[in-house]
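The values are calculated or read from the model by the stated rules, or taken from the named source; none is laboratory data. Everything quoted here is computed from the prediction, not taken from an experiment. Note: ideal-geometry Cβ built from the backbone for every residue, glycine included; neighbour counts use all protein chains shown.
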Amino acid sequence: MRPTVIPSLLRSLTVSLCALSAIAQDASPVPQSPGITFRSSSNLVLVDVIALRNGLPDKTLKRDDFQIFDNGRQVSIKTFDSAAQSTTRPLALWFVVLCNMQGYEKEGSGFFRDQASRFKPALQYLEEQDTVAVAHWCDDGQSKLDLLPTGNVEEVITALERALTPMPDTKDHDREGELAFQKTLQLIVDATRSSHPEPLPVVIFLYGDHSGMPKSEADHFVNELLETSAIAFGLKDQRSPGLMFLIGEQKEIAHYIATETGGQYLKVTPETYATGLEEILQQLHFRYALGFKPEALDGKRHKLSVKLADSVKNQHKGVRLRHRLAYVPVS
């Protein structure tokens, strides 16, 4: 860990993430920048559920096999879609990287430089309506959607390599980087919502995630992100250094975001970059989408739980469900 870089990078992530949306009422207020808000576009809450048995997707589940609990109270499932039956929303994958700063390659996204072509075999498995895009942020204030959603794999590879072009360490990892990270996430959501029909936004961090922030602020950000239906995943090169703990802080923020939104962070090597992405795509292409109506658009964080009905548990022994852990209903 470089003490001159890490603390300021953590501050950058902290303020940026906390500025994404309106403040959830059960989190401590954190100052926000004007004009940055994430809002739900529908009063129907969609819960994407990944069902795994022995690490592989279970494609046999039906509507009546599921139960949804909102703050511990069972709610009625209004809509049910299965990706295996091609009835779920298409995917809008966003590769998101931190600028490849010299001297910070291991902790950031530098290991993925000159390796983007390794993802091509996995990208060939995109379904017809799926798209891929590229975005990045830098601590010098740069924020850019390098490539809008497309089905052209070659364009994706080129844009990703361009975003990972090495650049000098800015020596300044304060407010400019905070705003850049915030703006990048805002642009991703806006671009996704401009598509019709609106796809499922899937953020894939290619990032070592040597980061952290105060736990209360991390939870505040997650509350705000839960106002959307985005799922976050991550691929971390195994050579990136680990972060054992941070006193009084939530470590590895991208990992934490992935868990809270129902995604997953995978450790990979250059030889398994494609395998890791294939695993993510396989989970998403066989997911289930359950919809329900919240009783009130109260702007508060609601705990979500999805379970298998007691009557089918024996039939589906070994099945594990993964989904976002909460939602925030807003108008």
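Here is how the numbers come out for the structure above:
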read-out: Boolean, Gln282 is surrounded by fewer than 23 Cβ atoms within 10 Å (Cβ to Cβ) and not in a strand (DSSP E or B); value: yes
read-out: Selected residue (criterion: modelled with the lowest pLDDT) from residues of segment 160-181 that are surrounded by fewer than 22 Cβ atoms within 10 Å (Cβ to Cβ) and part of a loop (DSSP other than H, G, I, E, B); value: Asp174
read-out: Options Arg113, Arg193: the member that is among the basic types (Lys, Arg), more than 16 Å from Ala230 (Cβ to Cβ) and surrounded by fewer than 19 Cβ atoms within 10 Å (Cβ to Cβ); value: Arg113
read-out: Identity of the residue in segment 233-248, within 20 Å of Glu260 (Cα to Cα) and modelled with pLDDT of 90 or more, that ends up farthest from the chain's Cα centre (by Cα); value: Lys236
read-out: Unmet criterion (only one of (1) free of Cβ contacts under 8 Å to residues at least 60 places away in the same chain; (2) outside any helix (DSSP H, G or I)) for Ile157; value: (2)
read-out: Which listed residue, of Ser21, Ser42, is at pLDDT 50 or above and either part of a loop (DSSP other than H, G, I, E, B) or not aliphatic (A, V, I, L, M) (or both); value: Ser42
read-out: Residue in segment 298-317 that is surrounded by 13 or more Cβ atoms within 10 Å (Cβ to Cβ), of a type in the set (S, T, N, Q) and closer than 30 Å to Phe119 by Cα present; value: no
read-out: Identity of the residue in segment 251-271, in a helix (DSSP H, G or I) and hydroxyl-bearing (Ser, Thr, Tyr), that ends up surrounded by the fewest Cβ atoms within 10 Å (Cβ to Cβ); value: Thr259
read-out: Identity of the residue in segment 68-119, among the small types (Gly, Ala, Ser) and in a helix (DSSP H, G or I), that ends up nearest to Pro294 (Cα to Cα); value: Ala83
read-out: Residue in segment 314-331 that is closer than 21 Å to Val97 by Cβ, touching a Gly at 6+ places or on another chain (Cβ under 6 Å) and at pLDDT 90 or above present; value: no
